[in-house]
Amino acid sequence: MPTVEIASINSTKLGLDQVDFDIAIIEENKLESHRGLFYDILQQQDGVIVHLGNPDFKNDKEGGFFAGQIIDWSIDSCEYIELPEYSADDLEYNGGANQQFVFKFLEQYISDIDRLLKIALDKSPVKKIYFLTDYQFGPDKGNIEDIYTINDFWTQHNENGLILNTMYEMHGL
């Protein structure tokens, strides 16, 4: 299942309260993703990270935490995900990557995500945030895209969808 996160660069605290959001959130004051695709980039910076999760995780954040239920999976229709089979003889094992590429959020969660992006940008003293995803069945290589503003991010989302396993960098004034 996908990891979806927002990093507020050089922030010390966002002050988020779970009751204000329909999606589940976890705010941490160390830039550490739940997965490793952008680990090296995040480790070079300071700030706060917000992990976005399925609404049913709002009251249970101790187990697995992922965001598959907030995504509209019909955008990049894939009849089924082919689960990888591990073999010691398979030198080209890829873990199932390159099966899905584009996604959008379900309409009912867009306002929550937009508010989180704006709070993260407002609290960043350098006016810089990252929006990142990490999904086993997405592209096998991570990508970084400077999308400039939150409005540009939503334009990309609405017109073409977002690319899985991409870190979108956004800035403010």
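The values are calculated or read from the model by the stated rules, or taken from the named source; none is laboratory data. Predicted model, so just to flag it, every value in this text is computed and none were measured. Cβ coordinates were reconstructed from backbone atoms using ideal geometry, including for glycine residues, and neighbour counts include every protein chain displayed. Heads up: the accessible areas ignore ligands, DNA and RNA and are worked out on the full protein's heavy atoms, side chains in. Shrake-Rupley method; radii C 1.70, N 1.55, O 1.52, S 1.80 Å.
Residue by residue, here is whether (1) of a type in the set (Ser, Thr, Tyr); (2) over 15 Å from the mean Cα position of the chain (by Cα); (3) at pLDDT 95 or above holds:
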{"residue": "103", "(1), (2), (3)": "no, no, no"}
{"residue": "116", "(1), (2), (3)": "no, no, yes"}
{"residue": "123", "(1), (2), (3)": "no, yes, yes"}
{"residue": "139", "(1), (2), (3)": "no, no, no"}
{"residue": "142", "(1), (2), (3)": "no, no, no"}
{"residue": "147", "(1), (2), (3)": "no, no, no"}
Failed condition for residue 49, given (1) surrounded by fewer than 17 Cβ atoms within 10 Å (Cβ to Cβ); (2) closer than 25 Å to residue 111 by Cβ = (1)
Residues of the range 115-152 being of a type in the set (Val, Ile, Thr) and in a strand (DSSP E or B), in sequence order, are 129, 133, 144, 147
Are any residues in the range 19-36 in contact with a Lys or Arg (Cβ under 9 Å, 6 or more places away or on another chain), in a loop (DSSP other than H, G, I, E, B) and buried (at least 16 other Cβ atoms within 10 Å of the Cβ), and if so, which ones?
-> 21, 23
Given the residues 129, 150, which is the only one that is touching a residue at least 12 places away in the same chain (Cβ under 8 Å), of a type in the set (A, V, I, L, M) and under 19 Å from residue 31 (Cβ atoms)?
-> 129
Take the residues in the range 5-18 that are polar (S, T, N, Q) and within 18 Å of residue 170 (Cβ to Cβ), then tell me which one is surrounded by the most Cβ atoms within 10 Å (Cβ to Cβ).
-> 8
Return yes when residue 155 is open to solvent by less than 50 Å² (accessible area, probe 1.4 Å), hydroxyl-bearing (Ser, Thr, Tyr) and either in a strand (DSSP E or B) or modelled with pLDDT of 95 or more (or both) and no when it is not.
-> no
